[in-house]
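Asker: Please see the structure below; I have some questions.
Quick note: the coordinates plus some simple rules give every number you see, no bench work behind them. Small disclaimer: the values here were computed from a predicted structure and weren't measured. Backbone-built Cβ (ideal geometry, glycine too); neighbour counts: all protein chains shown.
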Amino acid sequence: MEITTQEFKHCDLIKVKGRVDSSTAPQFSKTLEKANEHGRFKIAIDMAELEYMSSAGFRALLATQRNCKRYNRGEVVLVRVPERIREALELAGFTELFKTFDDPVEAVGSF
Amino acid sequence: MPSYTFPARFEFLDEIRETVAQVARAGGFSEKAIYSIQLAADEASSNIIEHAYEGESDSPLDLTCEMQGDDIVIILRDWGKSFNPAGVKDPNLSADLSTRQVGGLGMYLMRKLMDTVRYESNARTGNLLIMTKRRE
């Protein structure tokens, strides 16, 4: 798994590549927590190059969405979610908890 | 039946997913089904490490995987704490963000992704989780 963060004026664009499972999810969580610690609560997660995500990754997304939406200070949105991962998120009932975008520019512009 | 033993550590999840994917691919499953099988094996193994062994250790996690006719059969065995799968309630998927529970999500996904999920536990065989999925 590889994560890169790009800071825009109104939001952070966090790109996650590779595989998020119980082994790598702690690092994924940490990146998201760090953004929150820096007062960044508007977060777009670009999944274009994400190959795999287990429920360990879903848990990190849920915890971050909760923290970001608190006091209406922000939100996590998902960008370019690969089909297999979208299907798994759907099965877990997560799709209604996150807005999704097909285009990172559109996602960044939505904040 | 081909069998592998992994230390109960999350870093081996990659190999566990790769092992079941190879059997599924050779068995003629679609890419979508292969992803489902990998996810189910991952969730099952992660649960064993987290709950049966209560964290990562060098305790053994045995994986057996093969095609039996049109079905892929995956058996995971551990020697940790046993549990009652009937006691794992499905998560409430319509709960809103603030009340959404994530416990039990792995078990729920396994049941959804595979055709059958069976659990057996006794002192002689250890804890066995047996999952099957039929090729479409």
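Asker: Does B:Tyr108 meet the test of being within 14 Å of chain A (Cβ to nearest Cβ), outside any loop (DSSP other than H, G, I, E, B) and of a type in the set (Phe, Trp, Tyr)?
Answerer: yes
Asker: Search region B:60-83 for residues being of a type in the set (Val, Ile, Thr) and crowded, with 20+ Cβ neighbours inside 10 Å, and hand back the single one that is nearest to B:Met131 (Cα to Cα).
Answerer: In this case the residue turns out to be B:Ile74.
Asker: Out of all the residues in region A:95-111, which are within 18 Å of A:Leu32 (Cα to Cα), without any contact (Cβ under 8 Å) to a residue 40 or more places away in the chain and either within 14 Å of chain B (Cβ to nearest Cβ) or crowded, with 22+ Cβ neighbours inside 10 Å (or both)?
Answerer: Selection gives A:Leu97, A:Phe98, A:Lys99.
Asker: Filtering region B:84-122 down to residues that are surrounded by fewer than 16 Cβ atoms within 10 Å (Cβ to Cβ) and touching a residue at least 24 places away in the same chain (Cβ under 8 Å), which residue is farthest from A:Arg59 (Cα to Cα)?
Answerer: The extreme case among them is B:Asp115.
Asker: Within region B:20-73, take every residue that is within 21 Å of A:Ala25 (Cα to Cα) and polar (S, T, N, Q) and give me the one that is nearest to the other protein chains (Cβ to nearest Cβ).
Answerer: By that ranking, first place goes to B:Ser46.
Asker: State yes or no: is B:Ser30 under 17 Å from B:Arg134 (Cβ atoms) and exposed (fewer than 14 other Cβ atoms within 10 Å of the Cβ)?
Answerer: Yes.
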